[in-house]
Every structure is written in structure tokens, then in C-alpha cells.
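Read through the structure below, which is laid out as C-alpha cells, and then see the notes.
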Amino acid sequence: MRQATIIGCGPAGISTAIYLKRSNIDCLVIGKDFGALKDYPKTIENYYGFKDPISGNALISGGIDQAKRLGIEVITDDVIALFDRGSFFEIKTKSDTFTSKTVILATGKVRLTLDVPGFRTYKGKGVSMCAACDGYFYKKKKLAVIGSGAYMQNELNYLKRLTDDITVFTNGDTLTDTLDLPVIFEPLKALIGDQKVTHIETHLNKYPVDGVFLAIGAPSSLEFASQLGVIVEKGNVSVDENYQTNIPGLFAAGDIIGGKLQIAKAVYDGMNTADSVIKYLKLQTT
Ligand SMILES: Cc1cc2nc3c(=O)[nH]c(=O)nc-3n(C[C@H](O)[C@H](O)[C@H](O)COP(=O)(O)OP(=O)(O)OC[C@H]3O[C@@H](n4cnc5c(N)ncnc54)[C@H](O)[C@@H]3O)c2cc1C
């Protein structure tokens with residue numbers, strides 16, 4: 001069991017880890033990529049300490065290398081689910097499962113999205129981003145799950161308990177595993193409907209649906225947060241003055257909690273979050 005697990009290896013996640021490690025708290029960092037600054041074609045010129053402009057990739061990989069030099073374990077993986085087990089959390093990635101006394105969400109601002117006409121119109125009107133949150137409303141209904149990887153499998157496992165009428169739409173992608181239910185590989189053309197979504201249209205066909213669950217790539221903090229019942233306001237995970245969410249032991253830092261979306265602020269959040277995590281862990285042992 002880890003003391004602290006940080007989801008996200010951007011400025012907020014890595015600075016949390018550095019402050020934790022230097023206070024003798026062993027932590028694990030799991031990040032899927034370089035986050036907001038991944039492949040940013042321009043350079044960063046407003047962050048302290050760099051005489052010359054620095055690329056996003058160089059800044060982020062520098063942070064990760066710094067953490068590793070301090071002995072922090074940083075792994076590259078997609079976190080696909082997070083569970084509150086009472087006195088600890090279970091973190092499920094594409095390839096492993098970890099347990100931890102505390103979890104810090106530092107996954108930035110990215111949200112699941114689908115670049116297909118109708119997605120925005122029907123989001124929340126039959127189109128859901130979270131099986132654990134909305135699956136209940138679709139008992140015995142005809143569902144579509146859009147996705148092709150581990151996160152799709154995770155959502156599918158949940159929805160299969162509610163209905164046996166599920167079709168997976170890979171939107172042109174190949175599947176990472178074989179499935180025992182119908183799979184449509186055709187690229188999507190549109191989500192169509194009236195008051196709510198009623199069909200998925202590809203270039204070849206129109207498929208009737210009662211509900212659509214989006215599960216492409218990896219979920220963002222907002223999906224984890226919603227699954228756990230964390231309060232989210234205006235797209236930001238709500239935290240108190242200690243960077244703790246309404247779930248004890250679950251903290252959040254960086255872009256995901258809103259405010260100024262800047263590296264300096266994410267680093268500041270990380271430092272403060274580490275302090276709060278240390279205090280929280282101390283209270284658990286006294
Ligand atoms: C194009 C662009 C240019 C910018 N330029 C500047 C600038 O010049 N100066 C400045 O100060 N700020 C700039 N920013 C803002 C700055 O990049 C962000 O404020 C900062 O990166 C936020 O840090 P973060 O750690 O909160 O999130 P991020 O840096 O976005 O890191 C999020 C981390 O979470 C990980 N993650 C997400 N989901 C999962 C998952 N399911 N499983 C595992 N890991 C996951 C990602 O892989 C990543 O490691 C820019 C942003 C953009 C988009």
C-alpha cells in the first residue's frame with residue numbers, strides 16, 4: 001500500500017511528488033503523457049528560471065527527470081478507474097492495479113470529447129461520459145459504447161450488468177481485445193436525435209440507440225471525480241483550503257481545480273497539496 005499516489009505527471013503532479021518525497025513520503029506518479037504542453041509547437045517564456053525559451057516537452061520531461069533523480073517512481077500508464085475503498089483507494093491502470101492511502105488528482109483540464117457532429121448537442125441528453133454515474137438510467141436499454149481500448153472495456157464491464165443490448169463503436173480504430181458483443185468499426189458520421197440522441201450514423205448505416213457512452217482514450221479527473229461523487233463546479237474539481245475534495249484522502253491540484261491555468265500556479269498548488277497530504281497522513285497514524 002502506497003502512502004500517496006499522484007495521477008498526472010505535469011507541473012502540479014510532479015511538484016506534489018517532489019515536496020512529498022523530500023518529506024520522506026513515498027509516492028507513485030502515474031501519467032499517460034506530457035499533458036497540456038505535449039508537443040506544444042511554441043515555447044514557454046514566462047516560467048521562472050529559464051534564460052532561454054523552453055519547449056513544453058523539454059519542461060515536462062525535465063520535471064519528470066528531476067522527480068526520478070530524487071528516487072520518485074514515475075510510470076507511464078493510463079489510469080482508467082479509481083475506487084474509494086473506505087480507508088484506502090484502488091487505482092486501476094491499463095496494465096496494473098495499485099492501492100494507496102491518499103490520491104492526488106493532477107490530470108489537468110483535458111476532457112473526453114468526440115469530434116463528431118451532434119456530440120455537443122446531445123451531451124447530457126442521452127450521451128454520457130461516465131458509466132458508473134449514468135448507467136443506472138439505462139437498465140435493459142439499447143446502448144452504444146464508443147471506444148476501443150482499456151477504458152472502453154472498463155465502462156463496458158460496468159454497463160453489461162445493466163443491459164445485454166450493447167454495441168461497441170470503435171470509430172475507425174482497431175480493438176485492443178476481442179469482444180463477445182457486436183462491434184461496428186465504421187468511422188462515425190454524426191449523433192442524431194430530437195430532444196435526446198436516438199441514432200448513431202456512420203457513412204454506411206444508421207443505428208438506433210437509447211443511450212451512448214463515450215469511452216475513448218483515458219478518462220480525465222472529471223470522470224474519476226464524478227464516479228466517486230466528488231463535487232465538481234463549472235467543470236472544476238472543488239477543493240477546500242487544504243486542496244482536499246469532499247472525499248477524505250482525495251486531493252486535487254493544478255488546472256483541474258480551476259483558477260489561473262498557468263505552470264506557476266500548478267507548481268504552487270503541488271507544493272501546498274503535498275503539505276496537506278502530509279498532515280492528513282499524520283492524522284491517520286495518531
Ligand atoms: C497550448 C498551451 C500553451 C500553454 N502555454 C503556457 C505558458 O506559456 N505559460 C504557462 O505558465 N502556462 C501555459 N499553459 C498552461 C499550462 O500548460 C498548464 O497550466 C499546466 O500544464 C497545468 O499543469 P497540470 O499539472 O495541472 O496539468 P497538465 O500539465 O495538463 O498535466 C496533466 C497530467 O495528467 C496526466 N493524465 C491525464 N489523464 C490521465 C489519466 N487518465 N491517466 C494517467 N494520467 C493522466 C497527463 O498525462 C499529464 O501528465 C499552456 C497550455 C496550453 C494548452
>> Considering only segment 246-267, I want to know if a residue exists there that is more than 20 Å from the chain's Cα centre (by Cα) and under 22 Å from Lys101 (Cβ atoms).
In response: no
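Take the conditions modelled with pLDDT of 95 or more and within 11 Å of the ligand (Cβ to nearest atom) and apply them to Ile64. Does it pass? Before you say what the answer is, go through the steps one by one.
Working: modelled with pLDDT of 95 or more: yes; within 11 Å of the ligand (Cβ to nearest atom): yes.
Criteria met by Ile64.
Among the residues that make up segment 7-23, is at least one of them charged (D, E, K, R) and within 14 Å of the ligand (Cβ to nearest atom)?
The answer is no; no qualifying residue exists.
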> Applying the selection to segment 225-274, what residues are open to solvent by 40 Å² or more (accessible area, probe 1.4 Å), farther than 24 Å from Ile64 by Cβ and modelled with pLDDT under 95?
Replying inline: Ser226, Gln227, Gly229, Ile231, Val232, Glu233, Lys234
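Considering each residue of segment 231-244, count those that are in contact with a strand residue (DSSP E or B) (Cβ under 6 Å, 6 or more places away or on another chain) and within 16 Å of the ligand (Cβ to nearest atom), and give that number. Spell out the reasoning first.
Filtering segment 231-244 for residues in contact with a strand residue (DSSP E or B) (Cβ under 6 Å, 6 or more places away or on another chain) gives 237, 239, 243-244.
Pick out the ones that are also within 16 Å of the ligand (Cβ to nearest atom) and you get 237, 239, 243.
The qualifying residues number 3.
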> Quick one: which strands (runs of 3 or more DSSP E) sit completely within segment 43-119 and have at least 3 residues that are under 15 Å from the mean Cα position of the chain (by Cα)?
Replying inline: 79-84, 89-93, 97-105
> Do you know which of the residues in segment 19-65 that are among the β-branched types (Val, Ile, Thr) and without any contact (Cβ under 8 Å) to a residue 40 or more places away in the chain is most open to solvent (accessible area, probe 1.4 Å)?
Replying inline: Thr43
> In segment 115-156, which residue that is open to solvent by 20 Å² or more (accessible area, probe 1.4 Å) and of a type in the set (Asp, Glu) is modelled with the lowest pLDDT?
Replying inline: Asp134
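The values are calculated or read from the model by the stated rules, or taken from the named source; none is laboratory data. Keep in mind that what you see is a predicted model, and the values were worked out from it rather than measured. Note that we place each Cβ from the backbone using ideal geometry, even for glycine, and neighbour counts take in every protein chain shown. Accessible surface areas use protein heavy atoms only, side chains included; no ligands, DNA or RNA. Shrake-Rupley method; radii C 1.70, N 1.55, O 1.52, S 1.80 Å.
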